[in-house]
Amino acid sequence: MSAAADKWFWPQAALVALFFCAPAFGLGPYWLEVLNQIGLYALLALSLNIILGHAGMFHMGHAAFFAVGAYTTGILYTSYGWPILCTLPLAGLAAGIFALLVAAPIIHLRGDYLLVVTIGIVEIVRIALVNNIFGLTGGANGLVGIARPVIFGFKLTRPWHFFYLIWGFTAVSLLLFHWLENSRFGRALNYIREDPVAAEGIGVNTTRYKLMAFVIGAVWAGFAGTFYASQMRTISPGSFNFWESVVLFTIVILGGSGNQKGVLLGAFLVVGLPELFRSLQSSRLLFFGAALVLMMIFRPQGLLPPKGRAYRLPPEVAR
């Protein structure tokens, strides 16, 4: 670890430890629920960041993958009696397979064209859920009576239980995404984001890497769907509409596309900050919208834009 990295490691570690002690500081159930919502959206935004931030694909259909994961968990429990946490890998797998099926025909699209098509995917999924596809989704009423998760015989019922479940999984995801970002796969995605033609010219299979980014992001959105279904115990098509995708897109862009710390900051600002001004009722959204407009004008790269990569050249090349 370099001196500069070591300088910032311990303050950040102390901040993380302090955050995980939040339930012990007498934080009420309401604010713990707010933190749980922030953690859920942070997890979803981190998964979207793989597609939007690293691969540079304008994707506004992430709520569809979120819905597939949540409904997979809900159907496996309500129809077949599966334990909630046993449905977690299947929820991710179902979302990943769905992403592969819908992304393969459209992966060649770029920019606004891809954006419009992914908006359509969200609406198709929502309408299919409303129409009670295969007779399993419950139609417009959704699914009710989903159980709480049980870990080694301990049933998670309190807000602080879900605080450690959601934020613990988010912390693990941060580590995995950090490793992925600095791997060969992450570098290939960055090449595609900066210039897909040049990336293709140096041997990067852009189609394969874009599909992999879509699938990985969808799998993590499916995981988030399991946590959402088990926490809320009731899911309906209205919970996975186009507005949810807009919120996730805003979190990534506002915080800093391609930067994990920026995504976390964006989740706190977009989801948590409006709760501080809830007493202002509807006018709070006016101030929040004005702040977003100002951000787009004066800092379009986001609050914490990603830093440029620095590669050390071999000694014979550096001379």
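Helix content alone sets the calculated 222 nm mean residue ellipticity of the chain: runs of n ≥ 4 DSSP H residues at -39500 (n - 2.57) each, divided across all residues, give -21000 deg cm²/dmol.
Volume per residue of the convex hull around the Cα atoms, evaluated for region 132-182, comes out as 162 Å³. Each listed q (0.21, 0.32, 0.33 Å⁻¹) maps to a log10 I(q)/I(0) for region 236-281, found by the Debye formula over equal Cα scatterers with no solvent: -0.75, -0.99, -1.01.
Once the Cβ-Cβ distance of ALA140 and VAL246 is raised to the sixth power relative to R0 = 22 Å, the FRET efficiency obtained is 0.50.
As a rough guide to protection, the peptides 173-180, 35-42 ranked by mean Cβ packing within 10 Å, highest first, stand as 35-42, 173-180. Here the contact order of the chain, divided by its residue count and restricted to Cα pairs under 8 Å and six or more residues apart, works out to 31 percent. Summary of packing: across the peptides 97-109, 238-250, 54-66, 291-303, the per-residue average of other C-beta atoms within 10 Å ranks them, highest first, as 54-66, 238-250, 97-109, 291-303. The slack in the chain from PHE268 to HIS108, taken as 0.36 nm per residue of separation less the alpha-carbon distance, amounts to 54.2 nm. Rg/Rh, computed from the Cα trace of region 68-175 with Rh as the Kirkwood radius, has the value 1.03.
Computed over every Cα-Cα pair of the chain and binned at 20 Å starting from 0, the pair-distance distribution P(r) comes out as 30, 58, 11, 0 percent.
The stretch between TYR164 and VAL116 holds 13.6 nm of extra length on full extension. This uses 0.36 nm per residue minus the Cα-Cα distance. An ellipsoid equivalent to region 129-273, defined through the eigenvalues of its Cα gyration tensor, has semi-axes of 32, 20, 16 Å when rounded to whole angstrom and sorted largest first.
The slack in the chain from GLU123 to VAL172, taken as 0.36 nm per residue of separation less the alpha-carbon distance, amounts to 14.5 nm.
Here the Kirkwood formula puts the hydrodynamic radius of region 179-263 at 15.0 Å, using every distinct Cα pair. Here each label is just a point 7 Å from Cα along the line to Cβ, and for LYS261 and MET232 those points are 3.3 nm apart.
Values quoted throughout were computed directly from the atomic coordinates according to the rules given, and no laboratory measurement underlies them. Just so we're clear, the structure is a prediction, and the values are computed from it rather than from any experiment. Don't worry about glycine lacking a Cβ; one is built from the backbone with ideal geometry, like all the others, and counts go over all protein chains shown.
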